[in-house]
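Data first, discussion second: the structure below is written as structure tokens.
The values are calculated or read from the model by the stated rules, or taken from the named source; none is laboratory data. Bear in mind the structure is a predicted one, so any value in this text is a computation, not a measurement. Don't worry about glycine lacking a Cβ; one is built from the backbone with ideal geometry, like all the others, and counts go over all protein chains shown.
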Amino acid sequence: MHPRTNITAATGTLRLGDLTVNRIGFGAMRLTGTAPFGHGVPRDRETSIRVLRRAVELGVNHIDTAAFYFSATRSANELINRALAPYPEDLVITTKVWPGRDPSGAWWWATPSQLRGQVEENLRQLGRDHLDVVNLRVPPSRRTGSIGEHFGALAELRDAGLIRHLGVSNVTPGQLAEALAIAPVVCVQNPYAIGACDEDRALLRLCGELGLAFVPFFAIAGSGREAGPAARDSEAGPASRDREAVRAVARAHGVSAAQVRLAWTLHQGRHVLAIPGTGDPDHLAQNMEAGSIRLTEEEMTRLTSLRPAGAR
């Protein structure tokens, strides 16, 4: 790899426990295909490897992945291992468990006793002796239920030395409180973007008050969320009610709408990390440059005032 240029430095750093990361990281999901979780046309393997190496050259030292990020011919963890091992000393790799996919791609959800197998699967694929951060990714069907048994199982794996730090994903404030009563939490990974609802905004503020890193996913896709790469600036992406407002700000700065969405995300607080994902080298560079965009107070007010459909 070439020497690092670290264009992410403009955004500053944040601590995940005893680990320090730049605030713009990299999400590995789209490396395996043109749509989430490897659906669609797989990325060219060498291009994906080149994107990962270039991300690190540009200063990325926080990569978000999962063992269930795979397609028929690509595995995000395998690509990370192939591209970056032996890993830079400062590289933090975050993964997530509870969801799983069998070899055919069908989804399943682990019991507490099966979480160890999922952790070990990530260890094998990444070629590591321990995982830096593991997020417990809560199923949509369990958003109102207890996560105590599952999080307790992960806490035991942390005590056993397989995991360094724990996080939670797709949680409610009550579930976060439940996890914190069991073991330390270093980050919360939840959906968050322009147009976020009041509940999502409240959780972001709570994380700031508790000193926890907040890591939004779907920050670019917004309400389009699971839409493909065309969602960056197209009709397939975020809802029409906010699209033109974002584009107007983008035109004023001479940047893309996706870059504005990332910049807005980073402006939400010093405790917020970004993990934009892409398999495209040009989009990678644009994502990294988003940290240098300085939105005005008026622009922030205009974008933050956008609300989800049906909100009052």
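Looking at the stretch 127-139 only, could you name the residues that are touching a Ser or Thr at 6+ places or on another chain (Cβ under 8 Å) and of a type outside the set (D, E, K, R)?
Passing the criteria: Leu131, Val133, Val134, Asn135, Leu136, Val138.
Condition check ((1) modelled with pLDDT under 95; (2) surrounded by 13 or more Cβ atoms within 10 Å (Cβ to Cβ)) across all residues:
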residue	(1), (2)
Gly100	no, yes
Ala106	yes, no
Gln118	no, yes
Val134	no, yes
Arg137	no, yes
Ser146	no, no
Glu156	no, yes
Ser169	no, yes
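Could you please let me know if Glu120 is farther than 22 Å from Asn22 by Cα, of a type in the set (D, E, K, R) and out of contact with any Ser or Thr (no Cβ under 7 Å at 6 or more places or on another chain)?
Judged against the criteria, Glu120 is a match.
Does Arg82 satisfy the criteria of being within 19 Å of the chain's Cα centre (by Cα), at pLDDT 95 or above and either part of a helix (DSSP H, G or I) or basic (Lys, Arg) (or both)?
no
Report yes if Arg53 is closer than 23 Å to Val272 by Cβ, modelled with pLDDT of 95 or more and of a type in the set (Lys, Arg), otherwise no.
Criteria not met by Arg53.
Going through Arg307, Arg241, Arg225 one at a time, which residue ends up being at pLDDT below 95, surrounded by fewer than 19 Cβ atoms within 10 Å (Cβ to Cβ), in contact with a strand residue (DSSP E or B) (Cβ under 8 Å, 6 or more places away or on another chain) and basic (Lys, Arg)?
Unique residue meeting the criteria: Arg225.
Among the residues of the stretch 186-217, which ones are more than 18 Å from Phe26 (Cβ to Cβ), in a loop (DSSP other than H, G, I, E, B) and touching a Phe, Trp or Tyr at 6+ places or on another chain (Cβ under 9 Å)?
Answer for the stretch 186-217, where residues must be more than 18 Å from Phe26 (Cβ to Cβ), in a loop (DSSP other than H, G, I, E, B) and touching a Phe, Trp or Tyr at 6+ places or on another chain (Cβ under 9 Å): Asn190, Ile194.
For Asn122, work out the one condition from (1) farther than 26 Å from Pro173 by Cβ; (2) touching a residue at least 24 places away in the same chain (Cβ under 8 Å); (3) out of contact with any strand residue (DSSP E or B) (no Cβ under 6 Å at 6 or more places or on another chain) it doesn't fulfil.
Here Asn122 clears every test but (3).
Can you find a residue that is closer than 21 Å to Val21 by Cα, at pLDDT 95 or above and either part of a helix (DSSP H, G or I) or of a type in the set (Val, Ile, Thr) (or both) anywhere in the stretch 295-304?
Within the stretch 295-304 (the criterion being closer than 21 Å to Val21 by Cα, at pLDDT 95 or above and either part of a helix (DSSP H, G or I) or of a type in the set (Val, Ile, Thr) (or both)), the answer is no, since none of the residues qualifies.
Can you tell me how many residues within the stretch 34-47 are under 27 Å from Phe214 (Cα atoms) and either modelled with pLDDT of 95 or more or surrounded by fewer than 20 Cβ atoms within 10 Å (Cβ to Cβ) (or both)?
3
When you look at Arg164, is it touching a Gly at 6+ places or on another chain (Cβ under 8 Å) and charged (D, E, K, R), yes or no?
Considered against the rule, which asks whether it is touching a Gly at 6+ places or on another chain (Cβ under 8 Å) and charged (D, E, K, R), Arg164 comes out as yes.
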